[in-house]
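Participant: Once you've had a glance at the structure underneath, I'll fire off some questions.
The values are calculated or read from the model by the stated rules, or taken from the named source; none is laboratory data. The shown structure was predicted, so the numbers you read here are calculated from the model rather than taken from an experiment. Note that each Cβ is placed from the backbone with ideal geometry, even for glycine, and that neighbours are counted across all protein chains shown.
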């Protein structure tokens with residue numbers, strides 16, 4: 001194959017260098033640690049995912065790829081490590097809403113707070129949560145989605161559904177309001193990079209001369225003009241034990 005057919009890639013975000021925004025990301029350290037559980041499909045299509053971008057921005061973060069984490073050595077090590085206080089960012093009846101409730105002073109039992117976040121489409125995240133039974137036994141946290149997702153290049157099943165990077169931003173904002181983080185403007189890099197990603201994808205999608213995976217033969221359509229997916233009118237978006 002001719003060398004001109006190969007695209008130069010960034011080894012951090014795994015995106016083509018012309019679509020790489022890593023130079024705009026200034027990593028910052030959080031008191032809470034984050035672990036992004038990424039679905040293999042999300043890892044494969046990393047050019048439009050936000051999980052890797054969030055991982056680059058957060059110094060206290062790592063990515064673990066998989067579908068069922070019950071036998072995942074890294075995840076199980078975290079769950080069994082008594083120095084960590086693991087939590088699952090996932091909505092549900094029994095989740096602790098950090099937008100409405102404040103963590104008690106001794107909630108974390110002098111252990112390091114660790115937040116697991118599922119990264120994949122909502123159907124994939126639902127199956128990941130359903131099948132990873134060891135994640136059912138740790139506390140869940142959630143937040144009130146006061147903004148609508150700006151990740152407009154992807155179709156969301158409901159207005160409260162946010163991308164991975166937006167969800168992390170909302171978690172950090174709520175933790176700051178409780179005095180558990182002190183980041184100020186540092187966390188804004190998360191939303192800035194998301195906007196750069198969206199703008200780039202929209203530009204590619206609207207370029208009739210561009211024949212790449214970014215275009216796929218379709219032009220960008222504003223979310224307000226898209227048809228609402230009928231399957232989500234009757235299907236539960238999130239996993240709950242009582243649904244199965």
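Participant: Any residue that is closer than 29 Å to residue 146 by Cβ and under 20 Å from the mean Cα position of the chain (by Cα) - is there at least one of those in the stretch 98-111?
Facilitator: Taking every residue of the stretch 98-111 in turn, at least one turns out to be closer than 29 Å to residue 146 by Cβ and under 20 Å from the mean Cα position of the chain (by Cα).
Participant: Further question: For residues in the stretch 86-102 being buried (at least 17 other Cβ atoms within 10 Å of the Cβ) and modelled with pLDDT of 95 or more, which is farthest from residue 38 (Cα to Cα)?
Facilitator: 98
Participant: If you scan the stretch 79-102, which residues turn out to be part of a helix (DSSP H, G or I) and either touching a strand residue (DSSP E or B) at 6+ places or on another chain (Cβ under 9 Å) or in contact (Cβ under 8 Å) with a residue 60 or more places away in the chain (or both)?
Facilitator: Passing the criteria: only 79.
Participant: May I ask you to list the residues in the stretch 124-137 that are modelled with pLDDT under 95 and assigned to a loop (DSSP other than H, G, I, E, B)?
Facilitator: Once the filter is applied, which keeps residues that are modelled with pLDDT under 95 and assigned to a loop (DSSP other than H, G, I, E, B), the stretch 124-137 yields 136, 137.
Participant: Something else: Mind counting the residues in the stretch 177-206 that are in a helix (DSSP H, G or I), under 17 Å from residue 115 (Cβ atoms) and either in contact (Cβ under 8 Å) with a residue 24 or more places away in the chain or touching a helix residue (DSSP H, G or I) at 6+ places or on another chain (Cβ under 8 Å) (or both)?
Facilitator: Of the residues in that region, 2 qualify.
Participant: So for the stretch 71-78 (the condition being in contact (Cβ under 8 Å) with a residue 40 or more places away in the chain, within 15 Å of the chain's Cα centre (by Cα), surrounded by fewer than 17 Cβ atoms within 10 Å (Cβ to Cβ) and part of a helix (DSSP H, G or I)), does at least one residue qualify?
Facilitator: Checking the stretch 71-78: not a single residue is in contact (Cβ under 8 Å) with a residue 40 or more places away in the chain, within 15 Å of the chain's Cα centre (by Cα), surrounded by fewer than 17 Cβ atoms within 10 Å (Cβ to Cβ) and part of a helix (DSSP H, G or I).
Participant: For the stretch 28-54, which positions are assigned to a helix (DSSP H, G or I) and either touching a residue at least 60 places away in the same chain (Cβ under 8 Å) or buried (at least 23 other Cβ atoms within 10 Å of the Cβ) (or both)?
Facilitator: Scanning the stretch 28-54 gives 41, 42, 47, 48, 51, 52, 53, 54.
Participant: Is one or more of the residues making up the stretch 12-26 at negative phi, out of contact with any helix residue (DSSP H, G or I) (no Cβ under 9 Å at 6 or more places or on another chain) and buried (at least 17 other Cβ atoms within 10 Å of the Cβ)?
Facilitator: yes
Participant: Further question on the same structure: Take the residues of the stretch 108-119 that are in contact with a strand residue (DSSP E or B) (Cβ under 7 Å, 6 or more places away or on another chain) and in a loop (DSSP other than H, G, I, E, B): which is surrounded by the fewest Cβ atoms within 10 Å (Cβ to Cβ)?
Facilitator: Step by step, filter the stretch 108-119, then rank; the result is 109.
Participant: Would it be correct to say that residue 105 is closer than 26 Å to residue 186 by Cβ and either touching a residue at least 40 places away in the same chain (Cβ under 8 Å) or buried (at least 20 other Cβ atoms within 10 Å of the Cβ) (or both)?
Facilitator: Taking the combined requirement at face value, the residue does not satisfy it.
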